[in-house]
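Below is one structure; the comments refer to it alone.
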Amino acid sequence: VEHCKMPKIKKSLSSTLNAWVDVYNDFTTDGQVLFCKYCEVVVSSSEKFQVQQHIQTAKHAMKKEAKTSAKTGTAPHNIFNQDLCRALVSADIPLNKLNNKELVSFLEKYTDQKVPSESTLRKNYVPDLYNETLDRLREKVLDKVNHSTMAAFFTDSLGLLWVDGIKYDRVLLVCTDAAPYMIKCMAGLEILFPKKIHVTCLAHGLHRVAELARAVMPDVNVLISTVKKVFLKASSRKERFRQIAGTVPLPPSPVVTRWGTWIEAALYYADNFETVNICTYCMKEAQNALKKDGLREDLIFIRANLACISSAILNLEKKGLTLKSSMDVVQGVVDSLSHLEKKDYFEKISQVLAKNKGYSRLKKI
């Protein structure tokens, strides 16, 4: 009896490619082509030797090692590269100076070392320096922020200024924020620094008064945030606004943590209410915000009575302002708010300044 042999069934392309993926973990496939994960190229796979030949190339081995090292964070560090990166960063020399061929030639000639590229240092060595710096700060400066660590930091800093010994009687004025731990820190240092006057930031104090306005006028706040949102990353809307508004600038984008910017935004809407209303007539969210009852009255109140706050903050932030001028700026705001029928703002600034004991002492000088 003659035995009939079964004909071989030819494998499909998809099953062949999946077989190579199972054997060699260096590839992926979509069922149509074989793709090398490390070289990011399509590999010929009609014959087994073609796949093996690709794996054995130096280029494939190098790329595989580089990507594997990057994932595991075990890329070997060259000591010369590390020291060079530290020297450049310490001396405040931009890493892109390594793009200068003359400099690279000079360094390689006299150090007999291969000078790395800017991208190599930035990618593999700068992060380590950053982490080293953070660790050093954590260990030597502030384990945790409180009045004790801030007092130590303050005196250590003065030790850098006066290397022969801190001149305690020459510290006359210190300005900080109004955080409770800073208040406690400076109060504890009065024994060491008998002539020291501690003033908390006056610009920040005025910002707290501006924050009161934002809290009691929610409709104005909604208008500012809504219009900011509708124009955010909307180039066509911005262009339409410019065409209609002419010389009127685009609505501002205030940031709550930037002192005085919310008041400045409210002043913009007080001055350009009708223009904004016309330019946003087809923007439903903006129109809803603009139609709030009492909104115009709030904007007019801010324009008439609170503009002094934002201008005062800007003046206090200027360089070279004398102490007397700074005091006059703050007193001008106090006088303006004292005449308002709504006493909330005057009471707020009075409360803020009353806690600032250094400010009271400066007024008497």
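Per this entry, Glu297 is counted among residues that are open to solvent by 40 Å² or more (accessible area, probe 1.4 Å) and modelled with pLDDT of 90 or more.
Has segment 68-79 got at least one residue that is farther than 30 Å from Leu17 by Cα and modelled with pLDDT of 85 or more? Scanning segment 68-79 turns up at least one residue that is farther than 30 Å from Leu17 by Cα and modelled with pLDDT of 85 or more. Residues that are assigned to a helix (DSSP H, G or I), at pLDDT below 90 and not β-branched (Val, Ile, Thr) within segment 110-120 comprise Glu118, Ser119, listed in sequence order. Pairs linking a residue in segment 24-36 that is surrounded by 14 or more Cβ atoms within 10 Å (Cβ to Cβ) to a residue that is in a loop (DSSP other than H, G, I, E, B) and at pLDDT below 80, with Cβ atoms under 7 Å and 6 or more positions apart or on different chains, are Leu34/Ser45.
So which residues in segment 146-157 are closer than 26 Å to Leu206 by Cα and either in contact with a Ser or Thr (Cβ under 9 Å, 6 or more places away or on another chain) or open to solvent by 80 Å² or more (accessible area, probe 1.4 Å) (or both)? The answer is Met150, and nothing else.
Let me confirm something: among Gly332, Gly358, which residue is out of contact with any Cys (no Cβ under 6 Å at 6 or more places or on another chain) and free of Cβ contacts under 8 Å to residues at least 40 places away in the same chain? Give the steps one after another, and end with the answer.
On the way: Gly358 fails: free of Cβ contacts under 8 Å to residues at least 40 places away in the same chain.
Being out of contact with any Cys (no Cβ under 6 Å at 6 or more places or on another chain) and free of Cβ contacts under 8 Å to residues at least 40 places away in the same chain holds for just one of Gly332, Gly358, which is Gly332.
Pairing residues of segment 94-118 that are under 17 Å from Asn78 (Cα atoms) and open to solvent by 70 Å² or more (accessible area, probe 1.4 Å) with residues that are among the acidic types (Asp, Glu) and assigned to a helix (DSSP H, G or I), at Cβ distances under 9 Å and at least 6 apart in sequence or on separate chains, gives Lys114/Glu108.
Among Tyr281, Tyr268, which is among the aromatic types (Phe, Trp, Tyr) and either over 33 Å from the mean Cα position of the chain (by Cα) or more than 16 Å from Pro251 (Cβ to Cβ) (or both)? Walk me through how you get there before you give the answer.
On the way: Tyr268 fails: either over 33 Å from the mean Cα position of the chain (by Cα) or more than 16 Å from Pro251 (Cβ to Cβ) (or both).
Answer to the check: Tyr281.
Within segment 313-328, being open to solvent by less than 80 Å² (accessible area, probe 1.4 Å), under 25 Å from the mean Cα position of the chain (by Cα) and either free of Cβ contacts under 8 Å to residues at least 24 places away in the same chain or more than 16 Å from Thr261 (Cα to Cα) (or both) holds for one residue alone: Asn315.
Okay, residues lined up against (1) open to solvent by 30 Å² or more (accessible area, probe 1.4 Å); (2) in a helix (DSSP H, G or I); (3) out of contact with any strand residue (DSSP E or B) (no Cβ under 6 Å at 6 or more places or on another chain):
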{"site": "Asp293", "(1), (2), (3)": "yes, no, yes"}
{"site": "Ser311", "(1), (2), (3)": "yes, yes, yes"}
{"site": "Val330", "(1), (2), (3)": "no, yes, yes"}
{"site": "Ile349", "(1), (2), (3)": "no, yes, yes"}
{"site": "Ser360", "(1), (2), (3)": "yes, yes, yes"}
{"site": "Lys363", "(1), (2), (3)": "yes, yes, yes"}
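Taking helices (runs of 4 or more DSSP H) that do not extend beyond segment 158-276, which have at least 1 residues that are without any contact (Cβ under 8 Å) to a residue 40 or more places away in the chain and open to solvent by 80 Å² or more (accessible area, probe 1.4 Å)?
Details: elements: 180-188, 202-216, 218-231, 235-245, 261-271.
In segment 158-276, 180-188, 235-245, 261-271 are the helices (runs of 4 or more DSSP H) which contain 1 or more residues that are without any contact (Cβ under 8 Å) to a residue 40 or more places away in the chain and open to solvent by 80 Å² or more (accessible area, probe 1.4 Å).
The values are calculated or read from the model by the stated rules, or taken from the named source; none is laboratory data. Model, not experiment: these values are computed from the prediction. Cβ atoms come from the backbone with ideal geometry, glycine included; neighbour counts cover every protein chain shown. In case anyone asks, the SASA skips ligands and DNA or RNA and just uses the protein heavy atoms, side chains included. Shrake-Rupley method; radii C 1.70, N 1.55, O 1.52, S 1.80 Å.
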